[in-house]
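What follows is one structure encoded as structure tokens, with my remarks underneath.
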Amino acid sequence: MATPNTSNKSNQINITRIYDAPVQAVWDAWTDPAQVAQWWGPRGFTITTHSKDLRPGGHWTYTMHGPDGVDFPNTTKYFEVVPLSKLVYDHGGSADRPPMFRVTVLFSQVKGKTKMDMTMTLPTPEAAEETRKIIKKFGGNSTWDRLAEYLEKESSGKERFVINRTFDAPLDLMFEAWTDPRRLSQWLPPTGFTMEFIRSDIKPGGSTFYFMTGHGAKMYGRAEYLEIQRPDRMVYTQQFCDEKEKVTRHPMSATWPETMLTTVELSEEGPSRTRVTVTWEPFNAATREEVETFVKAKAGMTMGWTGSFDKLEEYLAK
């Protein structure tokens, strides 16, 4: 989940993403009901579209189904529809309630990729703050992570997990938080766990060997760094292992992929704001069963990374 940015107007919430896909593909994913059904909404939610009339004055009527079985009827009214470029609409309304906010989405090409720039405008700063709380509570920003995963699968056939968050920290400090073992161990472990490095050599071609303890368990792991590009990119593999660094399986899932590939990208969103994008995927020749296990675990991965990001946020605040 990525923390929304506030613009100069405090009654607005802005979310920006860069997708590794052409504008046409991103536009189609937004506007084709069959494609929208594959990613729209926080993780665990699904939607049923009842009708969609994509034009100024048209409506998109759909029901969002929560993981707890609660249904949320929605009617979106479009004010501007500029193909491959712009959408303006009211969000969150229905027959018995007014819309929550006005949304403007801009799509543009950036070096062969697509930039999505979304602004949500609310009646008051207080309403904007309340909406931020709702977004965080329901993991609303995972919607845009799910879009990234959908676009990747459509393009390459690969199953990936993506999660974003924006932090109030400069780019250089964020890079150090990911590459300095003393800093990394303070926040990376899941909630309730601590981390200690037995060996740490975080550089291209280097590796780490570590263990985590928590909830009565002790787990060993290793990472090999394939790429480190200061100040904005790290790529490494991860494996579970025993105390002698022999590769083993996940202690709680025998069908979890043996090797995972992690890509971390840092983007400067201001002098003291950095967006972190983590992409996680099975590495090498994962079996079908391993990939299925990975896909089914995405909700749990969201919880795990969210816990780590919460700890990172607290650590940076200190």
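Exactly one residue out of THR131, THR114, THR46 is touching a Phe, Trp or Tyr at 6+ places or on another chain (Cβ under 6 Å) and within 25 Å of LYS298 (Cα to Cα), and it is THR114. Of all the criteria given as (1) surrounded by 17 or more Cβ atoms within 10 Å (Cβ to Cβ); (2) without any contact (Cβ under 8 Å) to a residue 12 or more places away in the chain, the one not satisfied by TRP144 is (2).
Evaluated against (1) open to solvent by 50 Å² or more (accessible area, probe 1.4 Å); (2) part of a strand (DSSP E or B); (3) under 20 Å from MET118 (Cα atoms), PRO99 falls short on exactly one condition, (2).
Here is a check on your reading of the model: is VAL81 at pLDDT 95 or above and over 19 Å from ILE15 (Cβ atoms)? Judged against the criteria, VAL81 is a match. Screening LEU87, LEU106 for residues that are assigned to a strand (DSSP E or B) and in contact (Cβ under 8 Å) with a residue 40 or more places away in the chain leaves exactly one candidate, LEU87.
Within segment 234-249, can one find any residue that is at pLDDT 95 or above, touching a strand residue (DSSP E or B) at 6+ places or on another chain (Cβ under 8 Å), at positive phi and not basic (Lys, Arg)? So that I can check it myself, show each step before the final result.
Residues of segment 234-249 at pLDDT 95 or above: 234-248.
Checking which are touching a strand residue (DSSP E or B) at 6+ places or on another chain (Cβ under 8 Å) leaves us with 234-243, 245, 247-248.
Right, trim to at positive phi and you get 245.
Still in the list and also not basic (Lys, Arg): 245.
Among the residues of segment 234-249, at least one is at pLDDT 95 or above, touching a strand residue (DSSP E or B) at 6+ places or on another chain (Cβ under 8 Å), at positive phi and not basic (Lys, Arg), which makes the answer yes.
When segment 22-44 is limited to residues that are in contact with a Lys or Arg (Cβ under 7 Å, 6 or more places away or on another chain) and in a loop (DSSP other than H, G, I, E, B), the one that is most open to solvent (accessible area, probe 1.4 Å) turns out to be ARG43. Tell me, please, whether a residue that is open to solvent by less than 40 Å² (accessible area, probe 1.4 Å), touching a Ser or Thr at 6+ places or on another chain (Cβ under 8 Å) and among the hydrophobic types (A, V, I, L, M, F, W, C) can be found in segment 59-66. Yes; the residues of segment 59-66 include at least one that is open to solvent by less than 40 Å² (accessible area, probe 1.4 Å), touching a Ser or Thr at 6+ places or on another chain (Cβ under 8 Å) and among the hydrophobic types (A, V, I, L, M, F, W, C).
Within segment 68-103, the set of residues being among the β-branched types (Val, Ile, Thr) and under 22 Å from PHE138 (Cβ atoms) comprises VAL70, THR75, THR76, VAL103. Scanning segment 103-152 for residues that are over 20 Å from the mean Cα position of the chain (by Cα) and polar (S, T, N, Q) gives THR104, SER108, GLN109, THR121, THR124.
Taking the criterion of being open to solvent by 50 Å² or more (accessible area, probe 1.4 Å), within 23 Å of THR279 (Cβ to Cβ) and either touching a His at 6+ places or on another chain (Cβ under 8 Å) or part of a loop (DSSP other than H, G, I, E, B) (or both), the only residue of segment 253-269 that qualifies is GLU258. Restricted to segment 195-249, and to residues there that are open to solvent by less than 70 Å² (accessible area, probe 1.4 Å) and part of a loop (DSSP other than H, G, I, E, B), the residue that is nearest to PHE283 (Cα to Cα) is THR248. For segment 48-59, the condition holds for at least one residue, the condition being that it is at pLDDT 95 or above and within 29 Å of THR279 (Cα to Cα). Take the conditions in contact with a helix residue (DSSP H, G or I) (Cβ under 7 Å, 6 or more places away or on another chain), among the polar types (S, T, N, Q) and within 17 Å of PHE240 (Cβ to Cβ) and apply them to THR255. Does it pass? So THR255 passes the test.
Is at least one residue of segment 147-154 open to solvent by 30 Å² or more (accessible area, probe 1.4 Å) and more than 27 Å from LYS113 (Cα to Cα)? No, segment 147-154 contains no residue that is open to solvent by 30 Å² or more (accessible area, probe 1.4 Å) and more than 27 Å from LYS113 (Cα to Cα).
The values are calculated or read from the model by the stated rules, or taken from the named source; none is laboratory data. Note that this is a predicted model, so its numbers are computed, not measured. Note that we place each Cβ from the backbone using ideal geometry, even for glycine, and neighbour counts take in every protein chain shown. These area figures cover heavy atoms from the full protein model, side chains too; ligands, DNA and RNA do not enter into them. Shrake-Rupley method; radii C 1.70, N 1.55, O 1.52, S 1.80 Å.
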